[in-house]
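S.K.: My questions will all concern the structure given below.
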Amino acid sequence: MITAALVFSCTGAVLVPCIAASYWRGRQTEPLLRFLDPRLTPTIDEAFVSYPVEYALRSDESNDVVFIGDSTCHDGVDPARLPGLRCYNLGSLGSIGPVGIFLTTKAYLDHHPQPRAIVLCVSPLRFEVSQSSGGGHVIRRLIANYGPEVGGVIRLHESSQYFVRRGALDLFAAGAGGSAILDGPLRGMETETYETLRDKMRDTRGFFSLPKEHGGRWELEMPAPRVFILDEWKEGLSALSALCRRTGVPLVVRFAPIWDGVCRSRDFKKLDGWADEFEAPDAIVKRPVIVAWEQEVMWDALHLNARGVDRFMPMIARDVQQALAH
């Protein structure tokens, strides 16, 4: 027993300082560098996920209207086409889920003057996709690294283990050659670096125009998921609505157009029922909830091409003007 106690004592004497050093290193590292992989150039998806939350945390400029949502917002809402208004698009990838949308919005409201309206733009099929799909690694990394920077989103101890692991990796990477490479070609978009694309996204106020006329997928998951509107989305958007209400900012929900070839693939009437329950004087869901357009204006089944954005933006402009008129 004495020998075992000595072994445990010696092990603890070694491990505790190592864990403490790793935690300290992880906690002191900037959230962006924690989020990215050390010694690697970021992927295009990592860039698109980090740009909105980095803007929300690092900028303090004033905007009249802020757009939030998934990739249909990121690729479909062009703030430059709202003359007379200063706007920013904080749309991200759908994999950040409702918690990621809430985190980004809370970060923005904590660091910027209050906007006159917030517009949530998502695909009408978004609510059937869990943030744990694909392993949920994107939202786990986003929450672990950026959650502690935003009050009320996550308790610090929930990120402690991640800080220890990430700090240990940083210490190893520092000895082996450094952190993420921000000035090298992006994986998935080799014509840009993380920094050059970030600057371009700032110039377009967060909007990314999809290349070419068509791309992506034209089929949806079949058979349809058993649950069309997941509880995590109901709860997440209720929390988002409450956040906007507390800060006195009206919330507008606009579902992005879909290709008319898939408009009968789901029972979209369920969205009308959700909208009826969700709506309040300061939280409006724009109707019709399903806008189905021909293939000529779609990049794929869910995303708009350039002609589609031309057609969509007058709808967005009307939504915004109606919200600001109240």
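S.K.: Please give me the summed charge of the neighbours of PHE255: other residues whose Cβ is under 14 Å from its Cβ, Lys and Arg +1, Asp and Glu -1. Could you put the intermediate results ahead of the total?
M.R.: Working: positive: ARG126, ARG254, ARG266, LYS269, LYS270, LYS286, ARG287; negative: ASP70, GLU128, ASP272, GLU279, ASP319.
Value of the local net charge: +2.
S.K.: Give me the extension gain from THR43 to ARG287: residue separation times 0.36 nm, minus the current Cα-Cα distance, reported in nm with one decimal.
M.R.: Extending this stretch completely gives an extra 84.2 nm.
S.K.: If I take the Cα coordinates of the range 234-287 and project them onto the principal axes, what are the three extents in Å, biggest first?
M.R.: Its Cα atoms span 40, 17, 17 Å along the three principal axes.
S.K.: Using the beta-carbon distance between CYS263 and ASP183 and R0 = 51 Å, what value does 1/(1 + (r/R0)^6) give for FRET efficiency, to the nearest 0.05?
M.R.: E between CYS263 and ASP183, to the nearest 0.05, is 0.70.
S.K.: Residue separation times 0.36 nm, minus the C-alpha to C-alpha distance between GLU61 and LYS234: what's the value?
M.R.: Taking GLU61 through LYS234 to full extension adds about 59.2 nm, to one decimal.
S.K.: Tally Lys and Arg at +1 and Asp and Glu at -1 over the other residues with C-beta under 14 Å from the C-beta of TRP233: what net charge comes out?
M.R.: It works out to a net charge of -3.
S.K.: Give the separation of the Cα centroids, the range 33-85 to the range 243-288, in Å.
M.R.: 22
S.K.: Let me ask another. Would you mind working out the magnitude of the charge dipole of the range 30-325 relative to its Cα centre, with +1 at each Lys and Arg C-beta and -1 at each Asp and Glu C-beta, to the nearest 20 Debye?
M.R.: 380
S.K.: Also, quick follow-up: Whole-Å semi-axes of the range 262-318's equivalent ellipsoid, largest first, each the root of 5 times a Cα gyration tensor eigenvalue?
M.R.: 24, 17, 7
S.K.: Around LYS270, under 12 Å between beta carbons, what's the net of Lys plus Arg minus Asp minus Glu among the other residues?
M.R.: Local net charge: -2.
S.K.: Contour minus end-to-end for ASP203 and ARG217, with contour as 0.36 nm per residue of separation and end-to-end as the Cα-Cα distance? Don't jump to the answer; show the numbers that get you there.
M.R.: Values: separation 14, 0.36 × 14 = 5.04 nm, distance 2.86 nm.
Gain in length upon complete extension: 2.2 nm.
Read-outs throughout are calculated quantities, based only on the coordinates presented, and are distinct from any laboratory measurement. These numbers come from a predicted model, not from an experiment. All Cβ positions, glycine included, derive from the backbone under ideal geometry; neighbour counts span all protein chains shown.
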